[in-house]
Amino acid sequence: MTILIVSLLVLGVAVALITRLSKHNDTPIAVKETCATCDGSNTRCEQECMMEASLREIEYFDDEELDRFKGRDSDDYSDDEAEQFGEVLYTMRPTEVKDWTRSLTLRGINLPDQIKDEVFLLIDETFTSSPRQ
């Protein structure tokens, strides 16, 4: 009986030592968000990406004809004018939509109200369905 108690005591001490020595740091790994991973849930990330984009040359998406709408209010577009934005929207990949809206913002062009819901839906679907890296 004494041997059993001593054996259990030694086993307990051995397990405690192994556990203590093998314990690693459980702090989570901090992942820095980049504009490629920014999904709109972090306003700071959005602001930093917009500032970064403003320093670079403005990217066009074969939509130079939309520059004539610079400064126009979003509720001031006719359906035909909004359709021009829609034509550009439907010719791009869903992953480009967010960059396109940044490009429009930097160029001072407001999206027509008629297509805003679709644009936001495409952006949301793109970031919720694509796997994070």
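The values are calculated or read from the model by the stated rules, or taken from the named source; none is laboratory data. Small disclaimer: the values here were computed from a predicted structure and weren't measured. Ideal geometry is used to build each Cβ from the backbone, glycine not excepted, and the neighbour counts take in all protein chains shown. What goes into the accessible areas is simple: the full protein's heavy atoms, side chains included, and nothing from ligands, DNA or RNA. Shrake-Rupley method; radii C 1.70, N 1.55, O 1.52, S 1.80 Å.
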When region 95-133 is checked residue by residue, the ones that are basic (Lys, Arg) and either modelled with pLDDT under 90 or open to solvent by less than 40 Å² (accessible area, probe 1.4 Å) (or both) are LYS98, ARG102, ARG107, ARG132
Residue among GLY108, GLY86 that is over 18 Å from the mean Cα position of the chain (by Cα) and under 17 Å from LEU121 (Cα atoms)
GLY86
Residue by residue through region 2-59, note down the ones that are at pLDDT below 75 and of a type in the set (A, V, I, L, M).
LEU21, ILE29, ALA30, VAL31, ALA36, MET50, ALA53, LEU55
Restricting to region 52-94, name every residue that is surrounded by 16 or more Cβ atoms within 10 Å (Cβ to Cβ) and in a loop (DSSP other than H, G, I, E, B).
PHE61, ASP63, TYR77
Just the residues that are among the polar types (S, T, N, Q) and part of a helix (DSSP H, G or I), please, taken from region 95-126.
THR95, THR101, SER103, THR105, GLN114, THR126
Output yes when any residue across region 49-67 is on the phi > 0 side of the Ramachandran plot and over 21 Å from the mean Cα position of the chain (by Cα), and no when none is.
yes
